[in-house]
Structure formats: C-alpha cells, structure tokens
Amino acid sequence: MTQNDVQHSDTDPTWWKAPLVATVPGLPLLAWEFVMLGPEGALGTLGGAVYGAVGLLALAWALPHRRSSSMLRVTAAVAGLVCAILPLLFLMWIAMLWS
C-alpha cells in the first residue's frame, strides 16, 4: 500500500452533497433566467442576483474538500440557491401586483 492509497483524516468523503443539492434545482432556474431575461441586457437589477448565484454555486464546487471548509461550502451552496430563487420570486410578486 502506498502513501497515496491512504485517505487523509481531514478529507471529507461527502463534500459533493451540498453543492449537488443546491445545483440540481438552481441550475435550471438560472438557465431559465438567462434565457428569459438575458437577451438585450434585460437582466437589469436582477442581474446582480443571477450572477451572484452563479458565482456562489461555482464557489461551492471549487472549495477544498476538507472537513474544515464544509460549513463554508454549505453556506455558499444555500446562498447560491437563494440567489437563484430570488429573481423568480420577485417576478411572481410583480405579476401578483399587476393582476
């Protein structure tokens, strides 16, 4: 057995769960928001939340796979999902006001 075969104690074997749980519902929402709001620069004020969500989800996947960064990974994943949902909730709120 070589040194590379031994898993270090600080490596988290389930590091991928939080980013995956946030990305599965968040990525289709972000794709829809880019398609519906993205052409002609129509993102406007919602663009900050959409681009922030993409950045936070990417950060959740890119963080080190150590146990010490697991809470930061969960926080980035949840914040990315919330930022992906906010523009949709805002559009639904505006639609309710108009009707």
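The values are calculated or read from the model by the stated rules, or taken from the named source; none is laboratory data. Bear in mind the structure is a predicted one, so any value in this text is a computation, not a measurement. Methodologically, a virtual Cβ is constructed for each residue, glycine included, from the backbone with ideal geometry; neighbour enumeration extends over all protein chains shown. Accessible surface areas use protein heavy atoms only, side chains included; no ligands, DNA or RNA. Shrake-Rupley method; radii C 1.70, N 1.55, O 1.52, S 1.80 Å.
Protein heavy-atom surface of the chain, 1.4 angstrom probe: 72% of the accessible area is carbon and sulfur, with nucleic acids and ligands not counted. Neighbours of P13 by Cβ distance under 12 Å: Lys/Arg scored +1, Asp/Glu scored -1, total +1.
By the helix-only formula, in which each DSSP H run with n ≥ 4 contributes -39500 (n - 2.57) and the sum is divided by residues, the chain has a 222 nm mean residue ellipticity of -23500 deg cm²/dmol. Rounded to 0.05, the FRET efficiency of the A58 and I94 pair, given R0 = 30 Å and the Cβ-Cβ distance, is 0.60. Largest accessible area first, the listed residues W98, W16 line up as W98, W16 when surface is computed with a 1.4 Å probe on the assembled protein chains. Averaged over its residues, the chain has an accessible area of 66 Å² per residue, based on protein heavy atoms and a 1.4 Å probe. Globularity index of the chain is 1.38 (Cα radius of gyration / 2.2 N^0.38 Å, N = number of residues). Here the peptides 76-82, 20-26 are ranked by packing, the mean other Cβ count within 10 Å, and the order with the highest first is 76-82, 20-26.
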